[in-house]
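Following: one structure in structure tokens, then a few remarks.
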């Protein structure tokens, strides 16, 4: 996680300067354009879903009832990001009633950590194969490969 600069120091002024051959500071270096994983996987632009986020959300709508993808599977399916970035997209922008957010689960078969009871109810209603005990999805039978 990237820590924010304190309110007393701006990120630009906190960025170190360049050192000359004599070891002295010569000028201020420019801060990097982005300190995130990359511009291609930003989840918001101006408070609205980024193109990457829209692609993730659209991919979630393709997961058929009774099948699931893990957060990492979803990142691989859209061709970018990680399980954490797809989780961040769903956390920030996945509250639409029409979005089957519950079909994206953890790699161990556990449902969405924010609302596990709601996700389990929806998964069972979808006919998703569950492991004995009903608290986890049976990934061998329920995992969707995107085809």
Volume per residue of the C-alpha convex hull in the stretch 39-142, rounded to whole Å³: 87
Residue separation between residue 98 and residue 76 times 0.36 nm, minus their alpha-carbon distance, gives in nm 5.6 nm
Potential extension, residue 131-residue 84 segment - 0.36 nm per residue separation minus Cα distance: 14.5 nm
FRET efficiency, 1/(1 + (r/R0)^6) with R0 25 Å, evaluated for residue 48 and residue 110 via beta carbons: 0.25
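What order do you get for 124, 60 when you list them from fewest to most C-beta neighbours inside 10 Å?
Working: 124 12, 60 23.
Ordered from fewest to most neighbouring Cβ atoms within 10 Å, 124, 60 come out as 124, 60.
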Residue order, fewest to most surrounding Cβ atoms within 10 angstrom, among 128, 114: 114, 128
Residue separation times 0.36 nm, minus the C-alpha to C-alpha distance between residue 138 and residue 117: what's the value? 5.9 nm
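Over the stretch 39-142, calculate the relative contact order: mean separation of alpha carbon pairs under 8 Å at least 6 apart, over the residue count, as a percent.
Value for the stretch 39-142: 25 percent.
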Exposure proxy check: 57, 99, 90, 123 ranked by fewest other beta carbons within 10 Å? 99, 57, 90, 123
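Any read-out appearing in this document is the output of simple, stated calculations on the displayed coordinates, not a laboratory observation. On a predicted model such as this, the values are computed, not experimentally measured, just so you know. Backbone-built Cβ (ideal geometry, glycine too); neighbour counts: all protein chains shown.
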